[in-house]
1. Under 7 Å by Cβ, and 6 or more places apart or on different chains, what pairs join a residue from the stretch 99-117 that is at pLDDT below 95 with one that is among the charged types (D, E, K, R)?
2. Considering the stretch 48-67 alone, what residues qualify as being free of Cβ contacts under 8 Å to residues at least 40 places away in the same chain, farther than 23 Å from residue 125 by Cα and not in a loop (DSSP other than H, G, I, E, B)?
3. Given the residues 30, 22, which is the only one that is buried (at least 17 other Cβ atoms within 10 Å of the Cβ) and within 16 Å of residue 108 (Cα to Cα)?
4. Please specify each residue of the stretch 58-107 satisfying the condition of being exposed (fewer than 15 other Cβ atoms within 10 Å of the Cβ) and among the polar types (S, T, N, Q).
5. Taking the stretch 112-122 as the region of interest, how many residues are under 25 Å from residue 34 (Cβ atoms) and open to solvent by 20 Å² or more (accessible area, probe 1.4 Å)?
6. Residues that are out of contact with any Leu (no Cβ under 6 Å at 6 or more places or on another chain) and farther than 12 Å from residue 59 by Cβ, at least 3 per element: which strands (runs of 3 or more DSSP E) completely within the stretch 71-122 meet that?
7. Among the residues in the stretch 36-47, are any part of a loop (DSSP other than H, G, I, E, B), in contact with a Pro (Cβ under 9 Å, 6 or more places away or on another chain) and not small (Gly, Ala, Ser)?
8. Note down all Cβ pairs under 9 Å where the first residue falls in the stretch 26-38 and is over 16 Å from residue 125 (Cα atoms) and free of Cβ contacts under 8 Å to residues at least 60 places away in the same chain, the second is among the hydroxyl-bearing types (Ser, Thr, Tyr) and assigned to a loop (DSSP other than H, G, I, E, B), and they're at least six residues apart or on different chains.
Amino acid sequence: MRYYQQEVKKSPYFVEKNTLQIYPGEHLIIEADVKDGKLESMKVVKENVNPSKTIEIEFSQDVEDRKHKGMMLQVSNPFDKNLLYDATMYTVEETKWVDTSILPVKPKLTGFELWNDVIITLVLHNWRLQN
């Protein structure tokens, strides 16, 4: 197993409209409006002052004795419907973007995604709500 480390300056988070790029170690608080089952006007905020429309996202790497143990993405769903989104990852092993499967986050709960890959960054997009 190779050890990989990269210093990454603070990212702008939204690389396109409602397309979020996140790096390990980041914890984001995102307000979103809902229109026709899609999330719109997503923006990063400093604190959760509107809990009914605020998603919290945390991306972390588990390391023990400088050895990679896994990656975890936590996404909280403040809405009354399932929260769905698509994810693409850039890993140390693959030198290209790869789609990864994501489970829906149940209403008012937090979803956890786990990977064994060493993920440099994730792009989360196509945010939507579903019954």
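1. Final answer for the pair search is 117/93.
2. Listed by number, the residues that qualify are 62, 63, 64.
3. 30
4. 60, 95, 101
5. Going through the stretch 112-122 one residue at a time, the tally reaches 2.
6. Counting at least 3 such residues, we get 82-91, 97-100.
7. Within the stretch 36-47 (the criterion being part of a loop (DSSP other than H, G, I, E, B), in contact with a Pro (Cβ under 9 Å, 6 or more places away or on another chain) and not small (Gly, Ala, Ser)), the answer is no, since none of the residues qualifies.
8. Here the result reads 26/11; 26/13, each pair linking the stretch 26-38 to a residue that is among the hydroxyl-bearing types (Ser, Thr, Tyr) and assigned to a loop (DSSP other than H, G, I, E, B).
The values are calculated or read from the model by the stated rules, or taken from the named source; none is laboratory data. Note that the structure is a prediction, hence the values are computed from the model and not measured. Counting neighbours? That spans all protein chains shown, and the Cβs are built from the backbone with ideal geometry, glycine included. Remember, those area values only see protein heavy atoms, side chains included, never the ligands or the DNA or RNA. Shrake-Rupley method; radii C 1.70, N 1.55, O 1.52, S 1.80 Å.
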